[in-house]
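Participant: Pasting a structure here, questions to come.
Just so it is clear, none of the values below were taken in a lab; they were calculated from the coordinates. In this text, all values refer to a predicted model and were calculated from it rather than measured experimentally. Neighbour counts run over all protein chains shown; Cβ positions are idealised from the backbone, glycine included.
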Amino acid sequence: MIEYAALKIIWWALLGALLIGFAIADGFDMGVGMLLPFLGKNDAERRVIINSIGPTWEGNQTWLITAGGATFAAWPLVYSVSFSVFYVALLLTLFALFFRPVGFDYRSKLPDPLWRNAWDWGLFAGSAVPAFIFGVAFGNLFLGVPFRLDEDMRVVESSGLLHHLRPFALLCGLVSAGMLCLHGATYLQLRADGVIAQRARRVVAFMALFTLISFAAAGLWLTQIDGQRLVGMGDPNAALLPLAKTVSVGKGAWLSNYHVYPWMMLAPLTGFAGLLLARYCSARGRAGVAFLASSAVIAGIILTAGFSLYPFLMPSSLHPPSGLTVWDACSSRHTLFIMLGVVIVFLPIILAYTAWVYRVMRGTVTVERIVRESHTAY
Amino acid sequence: MPSPEAIVDLSRLQFAVTALYHFLFVPLTLGLSWILVIMESVYVMTGKQIYKDMTRFWGKLFGINFAMGVTTGITMEFQFGTNWAYYSHYVGDIFGIPLAVEGLMAFFLESTFVGVFFFGWDRLSKVQHLLVTFLVALGSNLSALWILIANAWMQNPVGAEFNIDTLRMELTSVAALIFNPVAQVKFVHTVAAGYTVAASFVLGISAWYLLRGRDTAFAARSYAVAAGFGLASVLSVIVLGDESGYTTGEVQKMKLALIEAEWETQPPPAGITAFGIPNQREERTDYAIKIPWVLGLIATRSIDEEVTGIKELRAANERRIRNGIPAYAALQKIRGGDRSPATLAEFNTHKEDLGYALLLKKYTPAVIDATDEQIHRAAADTVPRVAPMFWIFRLMVGCGFIMLLTFILAFYYCARRSIYNHPSLMRLSIYTMPLPWIAAEAGWIVAEYGRQPWTISGILPTRLSASSVSAGDLYFSLAGFIGFYTFLLVIEVMLMLKYARLGPSSLATGRYHFERAAAPSGARS
């Protein structure tokens, strides 16, 4: 049987893997959705864009559902505190997400241009709002989320949405929206043909630069922000509760992990290198490599956030000991062990059939194909 | 500042609205996916084009419905965290497992293959495509299994124990969680209800084409598939119904007594109340018409076991509340650092009833200083109102039996190959379409309202489960849900009606009613 402390670390890594899986798989759907009204100048072009992700977006969104479920099972406190403290932001995300399943399926069911245009903007909102808000939420983790827990692990004090819209958090929102836009653009360059691929290429060039600048700016800003360090806690192999730890707060503390574990620098470096590579390959028409590079960008940037915060998952600015860490916010050892087994069995199966589906649905989406399959395509 | 009760009530209202709304779409997905499998199997075996057209047309309606199921399903997963944060912390160690497994085992399967179902017709062999359709059906039904395992644990929480270090419930046996007898019964009952919804949907729309003499070959085959599938489903719902689940677990016993308005424990075997007016104030049922023996047979599968009445169950709950107070007192000492063997022994002796002591929080936050009057009121809270349970249950059963009759007639005349001669049967098939939906929603109300005042039966009172959000937050989210859901429902129903009216002509194959009507040769049949 694996030690409890090791299970906690494994589940921290798995949480990261699920988030990265979600951001890579559903990220290009969201990027494509954000670009839809701008890159498609007429209905046929927009249908090319939509059908490039049409058959597969649904499976991709399941990464979000699964990441949510896994957080519930493995990190119940993280799930309960984050969802209730970010109440309004999460509901706005949810309302925006409503437009995606219906948008994809209903848009082509009526020929009226007004109807279709309305759904295009619905799909835009359903992609842009979550992409931005998830980034803002991550930004808030670095600033510390204003909440306090009581002895029963009940949130007794927290502040509302407006408090979450702080400048650094908004910048993180831009990083997130930028990287997903970039990812959507490399995907479109790969899967669409002709004029749309051309336009996507211009987006890649711009978004790679935009993300690079905003990511670097966020990194520099981080040196000026009060970070937290865990200075005292109980035995990591025991079942711990959040309040029983000591936390120090200091400027630039979020960068201290990179001194202790220099290999963590690989994460931001992957982010930067991926951005340059995506731009370079896209310009030379190597869309496949550019797509892999933008996937690496996403992994690099999310890992940077995770590594910088480690061992914190959800720091509290109001009352630092209330903050949630890898050591004191997880499920019992028994549950973590069982869930690990479930993931080991099912994740490879999921990856295998997802790969098969992408193989079946492969090929470039063209305007001619949309015209030919007008009754069956989205 | 609104009272904690107001926050809990608003949160309950929101959960009820969003869950009942979600379940307008889920049952159709559960059943229609199997109907598609049946139709496509016939296509693969016989090679007849019409069965492919049937799969694709009903698949179109499936798609319109499926999108709404997905849309409203995300809400359900978010809502435990957003609105029931303390619940999520307190039981996430157990309750989170089936939700996570649902994502990994079921929802991924269903969502990944549903796109291939719609867009893979020309890219796959016949058998491969049928396999894809089958995997969509399997995924959606497995999804229901895991959600019902989660729900059944709320009704009958097995395989878990309170941990004094983390102050929450933790898993002791994953096998007990999965093989919870309530889950098995609920799963069969719920998916069979979903199959009935879908069968009645196909039956009604096909009957409408038949009445109008449109696309009759297509409609008659669809009608026959729905009649056969529907009869098997509605029989499963009724025969394998929920009754056997009611005897498992304390809250389930209370539910059974409420449904039957059994105020007193009757000498076995108990009679069933076919009709009556439950009178909550006087605690009796007026004008009751009783059928002897039946309830005892259904509930206990015996003639010598008792069906416990409401008053007796309430008295037992009062004893459990009193027994829970020492558990709560010991827990407070433990939390204060006293881990002496005597305190731990005291806690372990009474811990089964810790949840019952928590019911007192409504009347006295300190719990241990509860007066007899407060204990009495907390015990009274364990009895939900009888009339809604009594009537809504009868509404569900009534709908079920009308559907049974409809499907028997439909199946009989299909077997005799004479459905064309019975327009009244066609009208019956159309008019009964809403009934399985009403029954399904009624069933959920009975199951969940009947679980009150608990979120986790006997473990965690509803009142303690909600998040610490403001009333303003709740009004915002409730308004958002009502606004968006109304808007989406209008659009969904409009599209559904449009495509149902169009019928198989919407496939643009050139073989069906409107296309032939429009053809220049005037080849109207």
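Participant: Using only DSSP helix segments of four residues or longer, with each worth -39500 (n - 2.57), what per-residue ellipticity at 222 nm results for the protein assembly as shown after dividing by its residue count and rounding to 500? Intermediate values should be presented prior to the final figure.
Facilitator: Numbers: 35 runs with 624 residues, N = 903.
Roughly -23500 deg cm²/dmol at 222 nm, from the helical runs in the protein assembly as shown.
Participant: Of the options B:Thr112, B:Leu256, B:Gly31, report the single residue whose Cα projects farthest towards the positive end of the charge dipole of the protein assembly as shown (beta-carbon charges: Lys, Arg +1; Asp, Glu -1).
Facilitator: The listed residue farthest towards the positive side: B:Thr112.
Participant: For segment B:463-494 and segment A:1-44, what is the separation of their C-alpha centers, rounded to whole Å?
Facilitator: 27 Å
Participant: Give, as a single signed number, the net charge of other residues whose beta carbon lies under 12 Å from the beta carbon of B:Glu492, with Lys and Arg counted +1 and Asp and Glu -1.
Facilitator: +1
Participant: A further question follows. Considering only the other residues whose Cβ falls under 15 Å of the Cβ of A:Phe206, what net charge follows from Lys and Arg at +1 and Asp and Glu at -1? Could you put the intermediate results ahead of the total?
Facilitator: On the way: positive: A:Arg199, A:Arg201, A:Arg202, A:Arg279; negative: none.
Net local charge, A:Phe206 excluded: +4.
Participant: Sticking with this one: Suppose R0 equals 51 Å; then what is the FRET efficiency for B:Thr371 and A:Leu161 from their Cβ-Cβ distance, rounded to the nearest 0.05? Mind dumping the intermediate values first?
Facilitator: Details: r = 43 Å, r/R0 = 0.84.
With a Förster radius of 51 Å, E is 0.75.
Participant: What are the ³J(HN,Hα) values, in whole Hz, obtained from phi via the Karplus relation 6.51 cos²θ - 1.76 cosθ + 1.60 with θ = phi - 60°, for each residue of segment B:490-503 in sequence order, with x given for Gly and Pro?
Facilitator: Per residue, the Karplus-derived 3J(HN,Hα) values read 4, 5, 5, 5, 4, 5, 4, 5, 4, 6, 5, 5, 4, x Hz.
Participant: Hey, for a label at A:Val249 modelled as a point 7 Å past Cα toward Cβ, could you say which residues of segment A:306-330 have their backbone N under 17 Å away?
Facilitator: Inside the label zone: A:312-325.
Participant: If you don't mind, another one. Taking all pairs of different Cα atoms in segment B:428-525, averaging 1/r and flipping that mean, what Kirkwood radius in angstroms comes out? If you can, show how the numbers build up before the last one.
Facilitator: Values: mean 1/r = 0.0533 Å⁻¹.
With all distinct Cα pairs of segment B:428-525 included, I get 18.8 Å.
Participant: At 0.36 nm per residue, minus the direct Cα-Cα distance, what do B:Glu5 and B:Arg394 gain on full extension? Give it in nm, one decimal, please.
Facilitator: On the way: separation 389, 0.36 × 389 = 140.04 nm, distance 3.01 nm.
My answer for the length gained is 137.0 nm.
Participant: Ignoring solvent entirely, what values of log10 I(q)/I(0) come out of the Debye formula for chain B at 0.08, 0.10, 0.13 Å⁻¹ when each Cα is a single scatterer?
Facilitator: The calculated log intensity ratios at q = 0.08, 0.10, 0.13 Å⁻¹ are -0.59, -0.87, -1.31.
Participant: Still on this model: Just how large is the dipole of segment A:4-98 about the Cα centre, in debye to the nearest 20, putting +1 at every Lys and Arg Cβ and -1 at every Asp and Glu Cβ? Kindly include the intermediate steps, with their values, before the conclusion.
Facilitator: Numbers: 4 positive and 5 negative charges, 27 e Å.
Using Cβ point charges on Lys, Arg, Asp and Glu, segment A:4-98 gives about 120 debye.
Participant: Further question: Taking 0.36 nm per residue of separation and subtracting the Cα-Cα distance, what length does fully extending B:Glu161 through B:Ser125 add? Don't skip to the end; give the middle numbers.
Facilitator: Values: separation 36, 0.36 × 36 = 12.96 nm, distance 5.13 nm.
Difference between extended and current length: 7.8 nm.
Participant: Related question: Could you work out how far apart the two model spin labels at B:Ser424 and B:Ala217 are, taking each label as a point 7 Å from the Cα in the direction of the beta carbon, and quote it in nm?
Facilitator: Rounded to a tenth, the inter-label distance reads 3.1 nm.
Participant: Give the shape of segment B:122-280 as rounded, prolate or oblate, defined through the alpha-carbon gyration tensor: a ≥ b ≥ c are the square roots of its eigenvalues, a/c under 1.5 means rounded, and otherwise the shape is prolate if a/b is larger than b/c and oblate if not.
Facilitator: Details: a/c = 3.57, a/b = 1.44, b/c = 2.49.
Here segment B:122-280 falls in the oblate category.
Participant: Explain nothing, just the number: dipole magnitude of the protein assembly as shown about its Cα centre with +1 on each Lys and Arg Cβ and -1 on each Asp and Glu Cβ, in debye rounded to the nearest 20.
Facilitator: Numbers: 68 positive and 59 negative charges, 678 e Å.
That gives the protein assembly as shown a dipole magnitude of about 3260 debye.
Participant: Rounded, prolate or oblate: which fits the protein assembly as shown, taking a ≥ b ≥ c as square roots of the Cα gyration tensor eigenvalues, rounded meaning a/c under 1.5, else prolate when a/b beats b/c? Please list the in-between numbers first.
Facilitator: Values: a/c = 2.14, a/b = 1.01, b/c = 2.12.
Note, shape of the protein assembly as shown comes out oblate.
Participant: Give the range of the longest stretch in chain A that excludes all trypsin sites (Lys or Arg not before Pro) found in loop regions by DSSP and having at most 15 other beta-carbon atoms within 10 Å. Don't jump to the answer; show the numbers that get you there.
Facilitator: On the way: sites that count: A:Lys41, A:Arg284, A:Arg362.
That gives A:42-283 as the longest site-free run.
Participant: How about segment B:99-176: which chymotrypsin sites (Phe, Trp or Tyr not before Pro) there are in a DSSP loop, with at most 14 other Cβ atoms within 10 Å of their Cβ? The partial results should precede the final answer.
Facilitator: Details: sites: B:Phe107, B:Phe108, B:Phe113, B:Phe117, B:Phe118, B:Phe119, B:Trp121, B:Phe134, B:Trp146, B:Trp153, B:Phe162; in loops: B:Trp121.
When the chymotrypsin sites (Phe, Trp or Tyr not before Pro) of segment B:99-176 are filtered for loop state and at most 14 Cβ neighbours within 10 Å, nothing remains.
Participant: Under a Cβ-Cβ cut-off of 12 Å, what is the net charge of the residues other than A:Ala192 that fall near it, where Lys and Arg count +1 and Asp and Glu count -1? Walk me through the numbers on the way to the answer.
Facilitator: Working: positive: A:Arg46, A:Arg47, A:Arg191, A:Arg199, A:Arg201, A:Arg369; negative: A:Glu45, A:Asp193.
Charge balance near A:Ala192 sits at +4.
Participant: Which whole-Hz ³J(HN,Hα) couplings does segment B:414-425 yield from phi under the Karplus relation 6.51 cos²θ - 1.76 cosθ + 1.60, θ = phi - 60°, glycine and proline marked x?
Facilitator: Karplus-based 3J(HN,Hα) across segment B:414-425 equals 5, 5, 7, 6, 10, 5, 5, 8, 10, x, 5, 5 Hz.
Participant: Given points 7 Å out from each Cα along the Cα-Cβ axis, report the B:Ala387 to A:Thr223 separation in nanometres with one decimal.
Facilitator: 7.2 nm
Participant: Excluding residues on the same chain fewer than 8 positions from B:Lys52, give the lysines whose Cα lies under 29 Å from its Cα.
Facilitator: Candidates past the 8-residue exclusion: A:Lys109, B:Lys60, B:Lys126, B:Lys498.
Participant: Then there's this: Pop a pseudo-label 7 angstrom from the Cα along the beta-carbon direction at both A:Asp152 and B:Leu405 and give the gap in nm to one decimal.
Facilitator: About 5.1 nm separates the two model spin labels.
Participant: So if each residue of separation counts as 0.36 nm, and I subtract the Cα-Cα distance between B:Thr349 and B:Ala175, what length gain in nm does that give?
Facilitator: Values: separation 174, 0.36 × 174 = 62.64 nm, distance 2.52 nm.
60.1 nm is the gain from fully extending B:Thr349 to B:Ala175.
Participant: Under 20 Å between alpha carbons, and skipping anything fewer than 8 positions from A:Lys251 in its own chain: which lysines qualify?
Facilitator: By straight Cα distance, A:Lys251 reaches no lysines at all.
Participant: Mind jotting down the distance between the C-alpha centroids of segment A:242-309 and segment B:311-348, whole Å?
Facilitator: Comparing the Cα centres of segment B:311-348 and segment A:242-309, I get a distance of 51 Å.
Participant: Across chain B, where is the longest run that never hits GluC sites (Glu not before Pro) in a DSSP loop with at most 16 other C-beta atoms within 10 Å? Don't skip to the end; give the middle numbers.
Facilitator: Values: sites that count: B:Glu264, B:Glu282, B:Glu283, B:Glu305, B:Glu306.
The longest such stretch corresponds to B:1-263.
Participant: Could you tell me what percent of the DSSP beta bridges with both partners in chain A are antiparallel, to the nearest 5? Write out the running numbers ahead of the final one.
Facilitator: Details: 11 of 13 bridges.
Bridges in chain A that DSSP calls antiparallel: roughly 85 percent.
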